[in-house]
Structures are given as C-alpha cells and as structure tokens.
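**Q** Right, I'll just put the structure down here and ask away after.
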Amino acid sequence: MKTLIRSVKIVSKNSDLNGQVKDIFVENGNILHIENDINLEADEIIEGKNICVSIGWFDLRVHPKEPGNEYKESFQSMEAAALAGGFSEIALLPNTKPVVQSRESVNYLKRAGEKIKFHPMAAVTLKCEGKDFTEMIDLHQAGAVAFTDGEHPIQNPDIFLKTLQYLSQFGGVLINRPEDSNLTHFGQMHDGIMSTFLGMKGMPQMAEEIMLMRDLKLLEYVLNTPFTELPVDKSILHFSGISSAESVNLIRMGKDIGLPITCDVYAHQLCFTENDLADFNTNFKVNPPFRTQEDLDALWEGLEDGTIDAIASDHNPQDQESKKLEFDMAEFGVIGLETLFAAINTYNEKISLEELIEKITVNPRKILQLPIPSIAVGEKANLTVFSEDEEWVYREKKIISASKNSPFIGKTLRGKAIRVII
C-alpha cells in the first residue's frame, strides 16, 4: 500500500520539521520520503486545504465494554470510533466482565485491536473491589501498561500505599482518579448553586481534593522509605480526571517539590460547567461532574503552564436504557473518542496547536513509558492527518460509536481528524 499526503503541515513540537509544509510518502507502513512536491505513484492520495499531520493521537482513558457489555460498545465499534477521532492507540481500563486481572485477559485485549493498538491497563485489586491484590508483576510482564482500578478510585489508604511500594520495585505506573466516595455517595452533579436550584444532591470538590492530598502524602512517605527505587524522570503516580481549581493547585505544588506525578483532564471537562445541566440532559451527567467557570478556567491554565500533562476522552459508552430516564437514575459517562480533538480545539483560547497536540500524542506515551513515534524518513508510520479549522456539526445519526451519549450532539465543532496511518 502506497500513500501520499500532499502539502501537509507537520505539527510536532520537538521535530526540526515542525511547522513545515511537506509531502509525505508512506509505503507498506514505512515513511520513505518527506520532501517538497513528491511525484510518485500512490494507491491513495490524501490532500486538502490547510491539512496537518502529527504523530498518531493517543487516548489515555477508554472504557471498553467488551467483554461483558458488548451491547453498549464492541471492540469493532470502539475501534471505528477511535479511527474516526484520529487515534492510533488507546489505553483501556480494566473494568470489563471479567475484570482484566490475569495474563490471559491482558493478552486478549492486546490482540483485540485490528487497525489500531490497544494497550490494556490491569486491575490493582481483584475484581477492582479494593481488597486483595492482583499479581502485578505477572501482569506487567504480560504487557499491562499501567495499574488502576479504573472506575473505582482506591479508597483504602493502606492498599494505595502498598501498591506504590510494590510498583516502585519494577517502575510500574499507578493511575487513580481522586475521589472520596463517602463524600459523593448518591451525588448527581457538582455541589453548588445549580445543584441547590435543581434539587439534586451535590458532589463536592473536597471529595477530589481530600483524596489528592492523601495520595500525595502517601507518595511522599514511599519516597522517603529506604530501598525505594524509582526510574529517573518518570512518573510512578498519575492522577486521572482532575476537575477543580484547587486540584490543579495541589498538583502544581506537588510538581514544584519534585514529586514524580502526572495528571490528565477529560476533554469534556474543558468545555462545560454546572450551568449546562439546567435542562436535566443526562448526556451531561459525568463523574467528576462539570464544575464552575472558575474551575474550568483553572483547568485551561493548568494545561497552559504544564501542570496538566495530558487530555483524555474518558470514553464511556452507555446505551439508551442507561441514559434516557430520570437524571438521578441515569448512569454517569459520555462518549468522547470521536470528538476529543474537535472539542478542545473549539473551546481552546489559550494554547498553541503544537502544545495541544503534545497533550494527546507525546505526553500520554511518556506517562505510560511507551515508545514515542516520530515523523522522519525510515520510521514506521504512526500518523494522524487532520484539519485544524474545518467546521462540522456533530449529529447523532452520524455517530460511529454503538452508544450515543454525547454532550456535543448538535454542536458546531472546529477541527477534524481525516485519516490515521499506522
């Protein structure tokens, strides 16, 4: 297969080719030429007005529904949605049925991707129940890229502490979404003026912030424990889905004192606030919840100054029976693979395109300690071709995911993936 990409702007912050407009010729998965005006026969020619190319986009947090809940999303529909959204690689949470907690389940997920790469994350505790540990060394050797209980934040501080100590022995990465579930029990949305106005139980910011403070303190303890060895310049602890201004500040202070931490924010959290729930649309029911304008502004500032390392979709398909009912009965979650770049590109007013792309390409791979592709002659192709300025309307009938639970339905977005070459 020979593919020619004509007159494409290269977006790769650390490359000498960054910002240059070139033709790129790919044959049988290898980049053979990057030049001006390539005149070679090709099976496929990709061209368009003001198109760009970067290394393949990487999503740090996807909820696979297969095995167990294929009616919400199959591997096939998830992969198709990822390709439509511009992703060449995605990291999968372990909360399937059964939970990803064995060498066989890790290998099963690794083989499931046909057109893009699936990177399985394995459970920290059996069945993600927060009680007994999985065989993390065995899972690491099988190819698990990180360890997390995924949808279930680790509530037990002793479990969390021992996990950090255990993973430090082989350089594993712990991913935790900070939330004290005792403070969010039965919560439906952000705890604030709007929750009071709508008569719904709130989920306070302090549930996230208290857990963050706890985790940072436990990490400090581990670092001061004799014989603890950590990889140089690598994170051992990654916080997923921070949502408040104080959380950004806590992460910033942790990095300032040299803690080996990273964090991400979900794309939809950068676009909406609690006020968008006024009409009880369950497509806006997410966890962590949409918070205040002050929090949203702080998230963008955290992205701008490097406090927030990556942007993830938290793609969580839910079928109609899980969403089209009373708000307090509906499941949390939105789909986001198809809209991640368009959403952040549309709502972005602070960050350069190069910085934005780095948050969904280089940094996620660094966090998971995976190889970083490059746009260079002789390299294996791992590319996303996209338009920065194409405007389009996200319509429900054109959604590729098997589920349709998106807060962006009907909205005009700017920026669109055109093609993934891997």
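The values are calculated or read from the model by the stated rules, or taken from the named source; none is laboratory data. No experiment lies behind these values; they were computed from the predicted model shown. Here the Cβ is made from the backbone with ideal geometry for all residues, glycine too, and neighbour counts use every protein chain on show. Areas reflect the complete protein model, heavy atoms only, side chains present, ligands, DNA and RNA absent. Shrake-Rupley method; radii C 1.70, N 1.55, O 1.52, S 1.80 Å.
**Q** Name the one entry in Glu27, Glu47 that is under 30 Å from Gly336 (Cβ atoms) and not β-branched (Val, Ile, Thr).
**A** From the options Glu27, Glu47, the qualifying one is Glu47.
**Q** Considering only the range 296-370, give the helices (runs of 4 or more DSSP H) lying wholly within it that have at least 2 residues that are in contact with a helix residue (DSSP H, G or I) (Cβ under 7 Å, 6 or more places away or on another chain) and under 23 Å from Asp279 (Cα atoms).
**A** The qualifying helices (runs of 4 or more DSSP H) are 340-347.
**Q** I've got another one for you. Considering each residue of the range 274-331, count those that are at positive phi and open to solvent by 20 Å² or more (accessible area, probe 1.4 Å), and give that number.
**A** 2
**Q** Then there is this: Before we move on, is Val377 β-branched (Val, Ile, Thr) and surrounded by 18 or more Cβ atoms within 10 Å (Cβ to Cβ)?
**A** Taking the combined requirement at face value, the residue does not satisfy it.
**Q** Moving to a separate point now. Residues of the range 253-283 being of a type outside the set (A, V, I, L, M, F, W, C), in contact (Cβ under 8 Å) with a residue 24 or more places away in the chain, part of a helix (DSSP H, G or I) and out of contact with any Ser or Thr (no Cβ under 7 Å at 6 or more places or on another chain), which ones?
**A** Matches in the range 253-283: Gly254, His268, Asn275, Asp276, Thr282.
**Q** Sticking with this one: Going by what's in this entry, would Ala122 be described as over 19 Å from Tyr266 (Cα atoms), crowded, with 24+ Cβ neighbours inside 10 Å and touching a strand residue (DSSP E or B) at 6+ places or on another chain (Cβ under 6 Å)?
**A** yes
Residues checked against (1) open to solvent by less than 10 Å² (accessible area, probe 1.4 Å); (2) of a type in the set (Asp, Glu); (3) in contact with a Leu (Cβ under 6 Å, 6 or more places away or on another chain); (4) part of a loop (DSSP other than H, G, I, E, B):
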site: Asn39; (1), (2), (3), (4): no, no, no, yes
site: Gly68; (1), (2), (3), (4): no, no, no, yes
site: Glu73; (1), (2), (3), (4): yes, yes, no, yes
site: Leu83; (1), (2), (3), (4): no, no, no, no
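**Q** Another question, then. Is the range 9-18 home to any residue that is in contact with a Cys (Cβ under 7 Å, 6 or more places away or on another chain), outside any strand (DSSP E or B) and among the β-branched types (Val, Ile, Thr)?
**A** Looking through the range 9-18, at least one residue is in contact with a Cys (Cβ under 7 Å, 6 or more places away or on another chain), outside any strand (DSSP E or B) and among the β-branched types (Val, Ile, Thr).
**Q** Only one of these is part of a loop (DSSP other than H, G, I, E, B) and among the hydrophobic types (A, V, I, L, M, F, W, C): Ile375, Ile418. Name it.
**A** Result of the check over Ile375, Ile418: Ile375.
**Q** Criterion first (closer than 28 Å to Asn281 by Cβ and open to solvent by 30 Å² or more (accessible area, probe 1.4 Å)) does Ile210 satisfy it?
**A** no
**Q** List the residue pairs whose Cβ atoms are under 7 Å apart, where the first residue sits in the range 391-407 and is assigned to a helix (DSSP H, G or I), the second is of a type in the set (Lys, Arg), and the two are 6 or more positions apart or on different chains.
**A** So the pair list comes out as Glu396/Lys404.
**Q** A further question follows. Sort out which residues of the range 179-193 are surrounded by fewer than 21 Cβ atoms within 10 Å (Cβ to Cβ), of a type in the set (A, V, I, L, M) and either part of a loop (DSSP other than H, G, I, E, B) or modelled with pLDDT of 95 or more (or both), and write them in order of number.
**A** Leu183
**Q** All but one of (1) polar (S, T, N, Q); (2) more than 15 Å from the chain's Cα centre (by Cα); (3) open to solvent by less than 10 Å² (accessible area, probe 1.4 Å) hold for Ser88; which doesn't?
**A** Condition (2) is where Ser88 drops out.
**Q** What number of residues within the range 135-169 satisfy the criterion of being of a type outside the set (A, V, I, L, M), on the phi < 0 side of the Ramachandran plot and within 24 Å of the chain's Cα centre (by Cα)?
**A** 12
**Q** Working only within the range 194-210, note down all residues that are touching a residue at least 12 places away in the same chain (Cβ under 8 Å) and in a loop (DSSP other than H, G, I, E, B).
**A** Once the filter is applied, which keeps residues that are touching a residue at least 12 places away in the same chain (Cβ under 8 Å) and in a loop (DSSP other than H, G, I, E, B), the range 194-210 yields Met200, Lys201, Pro204.
**Q** Only one residue in Ile418, Ile399, Ile422, Ile372 is open to solvent by 20 Å² or more (accessible area, probe 1.4 Å), among the β-branched types (Val, Ile, Thr) and out of contact with any strand residue (DSSP E or B) (no Cβ under 6 Å at 6 or more places or on another chain), so which one is that?
**A** Ile372
**Q** While we're here: With the requirement that a residue be part of a loop (DSSP other than H, G, I, E, B) and touching a helix residue (DSSP H, G or I) at 6+ places or on another chain (Cβ under 8 Å), what does the range 54-66 give you?
**A** If the condition is that a residue be part of a loop (DSSP other than H, G, I, E, B) and touching a helix residue (DSSP H, G or I) at 6+ places or on another chain (Cβ under 8 Å), then Pro64, Lys65, Glu66 are the ones that fit.
**Q** Which one is nearest to Arg414 (Cα to Cα) among residues in the range 41-53 that are assigned to a strand (DSSP E or B) and open to solvent by 30 Å² or more (accessible area, probe 1.4 Å)?
**A** Ile45
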